[in-house]
Each structure stands twice: as C-alpha cells, then as structure tokens.
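Peer 1: Okay, here's the structure, questions in a sec.
The values are calculated or read from the model by the stated rules, or taken from the named source; none is laboratory data. These numbers were taken from a predicted model, which means no experiment stands behind them. We place every Cβ from the backbone using ideal geometry, glycine too, and count neighbours over all the protein chains shown.
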Amino acid sequence: MCGIVGYIGHDNTAIKTVLKGLYRLEYRGYDSAGLAYAESGQIKIKRAKGAVSGLNDKCKQIGPQTLAIGHTRWATHGKPSEENAHPHVSFKRELALVHNGIIENYKYLKEILKDEGYIFSSETDTEVLANWIEHAKLRYDLALEDAVHEALKGVHGAYAIAVLDSTGQKIVCAKKSSPLAIGIGEKEYIIGSDATPIIGMAKDVIYLEDDQIAVVTKDDLKIRDIDNNDTSYKAEKLLLDLQAVEKKGFDSFMMKEINEQPETVADCLRGRLTAPGPEIALGGIEAVMPSLLRARKIIIVACGTSWHSALIGKYMIEGLTRIPVEVDYASEFRYRRPIIDSEDVVIGITQSGETADTKAALELAKTKGALILGIVNVVGSSIARLSHAGIYTHSGVEVGVASTKAFTGQVAALSLLAIKLAYRLGYIDDEKLMDLKDALEEIPSQIQEILDDSTAIEGIADIFSQYEDFLFLGRGISFPVALEGALKLKEISYIHAEAYPAGEMKHGPIALIDEACPSIFVMPKDNTYGKTLSNLQEIKARSGRVIAITDVVDEDLVNSVDAVVVVPKTLPELTPLLTTVPLQIFSHRVAIKRSRNVDKPRNLAKSVTVE
Ligand code: F6R
C-alpha cells in the first residue's frame, strides 16, 4: 500500500529525486513519509507524520547526496506517527530499510531478537525486519546483500524492500508478492514501488521478480536469484511520459482523470474494433479462445470499484452470451471454498494489478486448473503476469485514489469481451455485431458531450452538497452503476451513501426516505425504465428529493424529479459507460464543496497490497 523510492548515482541529487518520487507516489499512502541516506559513515534519517510536504520541510538543510531511500506510508502495523514512519534504522545503526507489505511472522522474529538484546522503538513489522537483517549481517559477518538473502530465508509474508548501510555504497532491494521497479538512467538508478517515480528519469526499467535480490551501486546493477547466484535480466522500455503524472492544468488528478475518459476509452477500443473482418480483435486472449468458448461458467473476482465493473460484466456477458457468470468479492472468494474446476474461467479485474485479495483469489483458482484471465490496467503488474491471458484496459496512470477512468476502461474491455464471445458463439449476427461496434465507437465522443455539460451537473451538486445521506438506485445493468456512484460519493466526500436495486426499496430501505435523504436514480430508457419510474414515484410520494440520470427527455420524469441529467443515447448494454460519468462529476463537486482532498481521501490507499 505504501510507496518506495530510491536513488543512487553520480549526481548529487539523491534527496531531491527521492522527494520528487515520494510526491508522485503519495497516492499510495499519505499517513507519514521519510527518507534515509548515509553520510560520513553514519546513517541519517528524516521522517514526518502526514504528507510528503512535511518531510520536504525537514530535508531543506541536507547537503548533496548520491544515494537515498524514501517511503510514503499507509499504516498497517502501528498508528501513523513519526516513530512508525519508514525508513527504520536497525538497532545497532548498521542499516536503514523501507518496506512495502506485511511480515506475517514478525512477532516470532521479534521475540528471538529481544532475547538477543534488541530493543525496539516502533510498533512496526518493518523495524523487526531491519533488525533481523542486521542480526544476520553481524552474526555471520556478511555483506549487506548476503545479509538480506540470509535473513529473508526466515521471513514469511509479502515485501518489497530497499536497504542501505552506513557505508553509503549501495542499495539492496528484494521482493516477494509486492512490486518493485528499477529504472536504469544515465549513470544513475531510480527505484520505485511502481514506475511513477522513474518516469522522466530513465527510459529503461526492470521489474524485479519474486525472490530476486538487486544490488545497485552507482555504476552497476546486479540481480541475484533465490540461491544468491547472479542472474541475467532484461530491461523493458518505459513507455509512460511525464504528462501521465502531472495534473495538466486541472485542480485535481481526479478531475483530470474524469476528463481523460474520452481518450482513455478510445485507447481501450483502439485497434480492437477496427481489425480486418467483423470480429473484435483481442490479441491477449486469442490463444485461449477455444477454452473460453467452452467455458462451463465464468467467475469474476475483484474488489471495490473493479468489483462494480465485474457486476456490469455479468450483465453484459450473461445477456449477450448466455454463459453463466458469478461475481465475487476477491476477499470472500477464497474463504468460501469456491466450486471451480478446469472447465471454468476465472477473470480478475484490477486497475493496479497488485491488489492482494484479487491476486490470492486468482492464485487459488489457478491451482484448481481454471483458465485465468486478467482485465488489468497496469502493464506488467503481478496479476497481469500470473494470468494465462488477458485484456489490458490502457487507461494510463491513475493517480487519484478514487478510481474513475480505470473503471470506464474496465467496462469498455468487458463489453469487448462479451461481444466477441457472443459473436463467436453465434448469439449475435453480423448486424447486431455492427450495431454494437458502431455504438462503442461513439462512446468517447458521447462522454465528451457529458463533460462539456459538467457545469450543469456541478450546479446540481452544489444544491445537494449539504445532505448527509444519499441513496443511489438503479435496476439491471444500472444497479452496479448506482453502487459505483455511492462508493465515489462516500469515499471522497465522507457522506453516507448506499445503493440498492430500485425494486428492493420497498422491502426495507424506503423507511429511510424523508426530505433529508435524497435519492439518485440511474435510469436510462431500457427494459426496466417503466418499473424504475414507478419506484421513483414511490419515493416522491414520501417527500424524498430525487435526481435522475437518464437518456430520455420524458415529461413524466421531468415533472417528478428535483433535477435531471440527460446523457446521450447508446445501446442498453453500454449505458454504464455514459451514466457513470455524471456521478463522478457529482461526487467530485460535492467533495470540493466540502473542502475534501479528492485525490487523497482519508484512510484510503491506491494500491491495496495487503489482505
Ligand atoms: C475506489 C477504488 C477501489 C479499488 C479497489 C481495487 O475508487 O479505487 O475500490 O477499485 O481497491 O483496486 P484494483 O482495481 O487496483 O484491484
């Protein structure tokens, strides 16, 4: 969940580079931040509770440095505080370490270390790891990299670590289950828990594999395998540019990302709709198409916003292909003894490609012989690599903690998958295929139309921003859109919001309705429209205030509601790609009216790499 940055090189820019990287990685955790460097044979650290700016203030006096490691934290063990912030210096000040992940057996290791006279100054598992490595180093008189190798043999859990010692000659990195990237620049190396701190600094990057150890000096990078032998590595081109991590004139990353959706959805569709012949081209799944077409059932696992797109995928895939689809929270899946076998297909949907629950669910399904597909945004991420096949969403770097463009990218990818399967299985003919493809092609410009009208949506948000409770309602494929609308509102504005299928209202939730609890109906004109309109009237009859998101100008509706947003018309299967966007704009505006930090909502982290 946390962010790691490291720099080693011939320039004296280590502190500046690490701070810059930490600012870029702040979306991964913003409880506290810190950095370490070595000077005159001694380890020095600076740490601060809260945002990276606090750390920046403390680093102003540091002289030129050629190596440093830094960290931005999302607390797992121990509250957010300066003492619990990383880096952690080992007890005898031999080394400093930053860590992303969880050391499962830290209590056991701590007891051993306490018996050896170690005293701890924080509540973290990370300090235990620092001391555990130091203990190996001193006990066997080892070089830093050998001590890391030796110590990790006794460690259970997930980690990405960067370690330096008091000599200030090298940074040693290792990983298991948590990602770690090393950018290869001109006479310098930049380490990151993802590629964002590396963008603009290096053109080539390597992603460390599980159980590998990297030894990085000013002039050299060596990778060792699980047996501590040198092993070869292949660098990849880093294709992201600086624009990906800048706000491009918007006030927040979230607003920038909402506005990028015409482009990002187009990127997801690019080349896939226009391939020669009628078929949709999804190169990443072509090899496994025979198994997919034979699938007895599809299970989709995901978390949060990605789980909402999974639900939309269920409506799309079942509706178009008649293949049964189950959707499960990844965190529930593995503990419910799921029934899966080799005739099933399990799809993991994930923006980051690193979500621990989703990864664990897919790993379990893999052991049962199921075909694993990943619908993933981050290229080369852990879930992309563990999947047998998959579809990249090509949404670009998403910095805002609340997912927006990644969600529409996932829904676009799912629609491509559903249409492709339906056509191959013979459930849709050439004409229907062309209708769907044409409709998809129009989506980016239709999203742009909604964005062009965002002032009207913001006006509605201004009127409704004072309420403390909201209900979001929809039927069919619009129900998951309602869920996503409620999640967006609660996570960035901290307003209580719930979503229900509109037909469920009268079975309980309608008791909440009064003037103080507005409802937002997601109700494009599909086969459920008439029923949803009746549900809406039931709310109005109980003095509830109502906002409707629809795609028709219907007098009955306009006369019944307090506000209406009309999105462009598309095919019923694709409406989530449009009805979601006004909800994103609405939530963003309400949060801004309440002076919330929309990019970094409290208690949240972007990449949830712990279970
Ligand atoms: C909410 C949000 C989260 C993520 C969830 C899964 O706006 O972003 O709910 O969707 O943590 O993350 P990924 O998609 O990276 O697996």
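Peer 1: Determine, yes or no, whether MET254 is modelled with pLDDT of 95 or more and outside the structural domain of SER493 (by TED's automatic domain parsing).
Peer 2: yes
Peer 1: Related question: With respect to TYR494, is the statement that it is over 17 Å from VAL564 (Cβ atoms) and within 16 Å of the ligand (Cβ to nearest atom) true?
Peer 2: Taking the combined requirement at face value, the residue satisfies it.
Peer 1: Please note which helices (runs of 4 or more DSSP H) are completely contained in the stretch 101-197 and include at least 1 residues that are at pLDDT below 95 and not hydrophobic (A, V, I, L, M, F, W, C).
Peer 2: Helices (runs of 4 or more DSSP H) meeting the threshold: 125-140.
Peer 1: Looking at ALA384, is it within 16 Å of the ligand (Cβ to nearest atom) and without any contact (Cβ under 8 Å) to a residue 40 or more places away in the chain?
Peer 2: yes
Peer 1: Give just the number: which of (1) within 14 Å of the ligand (Cβ to nearest atom); (2) of a type in the set (A, V, I, L, M); (3) farther than 21 Å from PHE407 by Cα does VAL379 not satisfy?
Peer 2: Failed condition: (3).
Peer 1: So which of PRO576, PRO572, PRO582, PRO601 is within 14 Å of the ligand (Cβ to nearest atom) and either touching a residue at least 40 places away in the same chain (Cβ under 8 Å) or surrounded by fewer than 23 Cβ atoms within 10 Å (Cβ to Cβ) (or both)?
Peer 2: PRO601
Peer 1: Please go through the stretch 8-35 and give me each residue that is surrounded by fewer than 18 Cβ atoms within 10 Å (Cβ to Cβ) and under 15 Å from ILE171 (Cα atoms), ordered by number.
Peer 2: Across the stretch 8-35, the qualifying residue is only HIS10.
Peer 1: Okay, next question. Filter the stretch 585-598 for residues that are among the charged types (D, E, K, R) and part of a helix (DSSP H, G or I); which is nearest to the ligand (Cβ to nearest atom)?
Peer 2: Checked the stretch 585-598; the qualifying residue nearest to the ligand (Cβ to nearest atom) is ARG589.
Peer 1: If I ask for residues that are in a loop (DSSP other than H, G, I, E, B) and within 13 Å of the ligand (Cβ to nearest atom), which ones from the stretch 388-417 would you list?
Peer 2: The answer is THR393, SER395, VAL397, GLU398, VAL399, GLY400, VAL401, ALA402, SER403, THR404.
Peer 1: Go through the stretch 36-75 residue by residue and tally those that are within 27 Å of the chain's Cα centre (by Cα) and either surrounded by fewer than 18 Cβ atoms within 10 Å (Cβ to Cβ) or under 20 Å from ALA14 (Cα atoms) (or both).
Peer 2: Qualifying residue count for the region: 15.
Peer 1: Here is a follow-up. Only one of (1) touching a residue at least 24 places away in the same chain (Cβ under 8 Å); (2) under 24 Å from the mean Cα position of the chain (by Cα) is not met by ARG542, so which one is it?
Peer 2: (2)
Peer 1: Moving on to the next point. Report yes if some residue within the stretch 78-85 is in the same structural domain as LYS170 (by TED's automatic domain parsing), at pLDDT 95 or above and polar (S, T, N, Q); otherwise report no.
Peer 2: No, because not a single residue in the stretch 78-85 is in the same structural domain as LYS170 (by TED's automatic domain parsing), at pLDDT 95 or above and polar (S, T, N, Q).
Peer 1: Give me the residue from the stretch 354-376 that is part of a loop (DSSP other than H, G, I, E, B) and under 24 Å from ALA295 (Cα atoms) and, out of that set, nearest to the ligand (Cβ to nearest atom).
Peer 2: Checked the stretch 354-376; the qualifying residue nearest to the ligand (Cβ to nearest atom) is ALA370.
Peer 1: Output the residues belonging to the stretch 346-381 that are within 15 Å of ASP194 (Cβ to Cβ), free of Cβ contacts under 8 Å to residues at least 60 places away in the same chain and not β-branched (Val, Ile, Thr).
Peer 2: GLN351, GLY353, ASN377, listed by residue number.
Peer 1: Applying the selection to the stretch 551-576, what residues are within 28 Å of LEU320 (Cα to Cα), assigned to a loop (DSSP other than H, G, I, E, B) and hydrophobic (A, V, I, L, M, F, W, C)?
Peer 2: Passing the criteria: VAL552, VAL553, VAL567, LEU571.
Peer 1: Okay, next question. Could you list, in sequence order, the residues of the stretch 319-331 that are surrounded by fewer than 24 Cβ atoms within 10 Å (Cβ to Cβ) and more than 26 Å from the chain's Cα centre (by Cα)?
Peer 2: GLY319, LEU320, ARG322, ILE323, PRO324
Peer 1: Give all pairs with beta carbons closer than 8 Å in which a residue from the stretch 122-141 that is in the same structural domain as LYS49 (by TED's automatic domain parsing) and within 15 Å of GLY101 (Cβ to Cβ) meets a residue that is charged (D, E, K, R) and in a helix (DSSP H, G or I); count only pairs at least 6 apart in sequence or on separate chains.
Peer 2: Partner pairs satisfying both residue conditions: VAL128/LYS110.
Peer 1: Look through TYR427, TYR392, TYR423 and report the one residue that is under 16 Å from the mean Cα position of the chain (by Cα) and surrounded by fewer than 24 Cβ atoms within 10 Å (Cβ to Cβ).
Peer 2: Exactly one of TYR427, TYR392, TYR423 is under 16 Å from the mean Cα position of the chain (by Cα) and surrounded by fewer than 24 Cβ atoms within 10 Å (Cβ to Cβ), namely TYR392.
Peer 1: Could you list all residues from the stretch 453-490 that are surrounded by fewer than 16 Cβ atoms within 10 Å (Cβ to Cβ) and within 27 Å of the chain's Cα centre (by Cα)?
Peer 2: Hit for the stretch 453-490 is ASP469, nothing else.
Peer 1: From the list VAL546, VAL610, pick out the single residue that is away from the ligand (no atom under 16 Å from the Cβ) and over 17 Å from PHE407 (Cα atoms).
Peer 2: Result of the check over VAL546, VAL610: VAL546.
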